[in-house]
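Following: one structure in structure tokens, then a few remarks.
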Amino acid sequence: MEYALIFITAVLVNNIVLSQFLGICPFLGVSKKVSTAAGMGGAVIFVITISTLVTSIIYKALLLPNGLAFMNTIVFILVIASLVQMVEIVLKKTSPGLYQALGIFLPLITTNCAVLGVALLCVQRNYTLLQSVCFAFSSSVGFTLAIVLFAGLRERLNLTDIPQSMRGAPIALITASLLSMAFMGFSGIGN
């Protein structure tokens, strides 16, 4: 039951993008097409889950016992950067189309604050290794849900007649805020 609560809370109630506002750059930048958003979501699921697993192990096995917990941010950044490079190499070899579609945003996963934020939240909340992996997977699924929903809304907006002054970023930001408000309706679930 504990893991189900972590999952539901991370996906819906405390959505990493729509409630905690982490990962806004790729959320706004890669959400013009659903296919690209889904690909980015898949990459984020992999990177957040694996990086949180590795950073949790490093934190609990190396940093905490040796009194180096203060170095967690620097170590986490190095681990995340290495993992993103690995994902980039794998995508380039296995899925060149997705690699091209993601373009500059794939290297930006390295600086995606959602990836580092999830790893740091696991440390702050003193999660066990299994809880950390569950939270990381759930948060990244929440990220994917948000970006795919937002991309679908943006695709629909492209088919509508929007005043010239509202096209592009203004209507995207208004849509994102409405989506965030819709997710606020889930806030009674986790309490």
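The values are calculated or read from the model by the stated rules, or taken from the named source; none is laboratory data. Treat the numbers as computed from the prediction; the structure is a model and nothing was measured. Here the Cβ is made from the backbone with ideal geometry for all residues, glycine too, and neighbour counts use every protein chain on show. Areas reflect the complete protein model, heavy atoms only, side chains present, ligands, DNA and RNA absent. Shrake-Rupley method; radii C 1.70, N 1.55, O 1.52, S 1.80 Å.
Before we move on, is residue 8 within 27 Å of residue 71 (Cα to Cα), open to solvent by 10 Å² or more (accessible area, probe 1.4 Å) and either over 13 Å from the mean Cα position of the chain (by Cα) or at pLDDT below 90 (or both)?
Answer is no for this residue.
Pairs only if they're at least six apart or on different chains, beta carbon under 7 angstrom, first in segment 29-40 and crowded, with 22+ Cβ neighbours inside 10 Å, second among the hydroxyl-bearing types (Ser, Thr, Tyr); list them, first residue then second.
That search, which allows pairs on different chains as well, returns 30/36; 37/31.
Within the set of pairs 6+ apart or on separate chains, which have a first residue in segment 46-61 that is of a type in the set (D, E, K, R), a second that is surrounded by fewer than 20 Cβ atoms within 10 Å (Cβ to Cβ), and C-beta atoms under 8 Å apart?
Listed pairs, sorted by first residue: 60/129.
Do you know which residues across segment 130-168 are among the aliphatic types (A, V, I, L, M) and without any contact (Cβ under 8 Å) to a residue 12 or more places away in the chain?
159, 162, 166
Hey, among 17, 44, which residue is among the hydrophobic types (A, V, I, L, M, F, W, C), part of a helix (DSSP H, G or I) and open to solvent by less than 50 Å² (accessible area, probe 1.4 Å)?
Unique residue meeting the criteria: 44.
Here are some residues: 78, 53, 98, 91. Which one is of a type outside the set (S, T, N, Q) and closer than 21 Å to residue 128 by Cα?
Only one candidate passes the filter, namely 53.
Check whether at least one residue in segment 43-54 is more than 30 Å from residue 176 (Cα to Cα) and more than 16 Å from the chain's Cα centre (by Cα), and report yes or no.
Yes, segment 43-54 contains at least one residue that is more than 30 Å from residue 176 (Cα to Cα) and more than 16 Å from the chain's Cα centre (by Cα).
Scan segment 79-94 and give yes if some residue there is among the hydrophobic types (A, V, I, L, M, F, W, C), over 12 Å from the mean Cα position of the chain (by Cα) and open to solvent by 80 Å² or more (accessible area, probe 1.4 Å), otherwise no.
yes
With the requirement that a residue be farther than 30 Å from residue 150 by Cβ and small (Gly, Ala, Ser), what does segment 22-79 give you?
Passing the criteria: 61, 67, 69.
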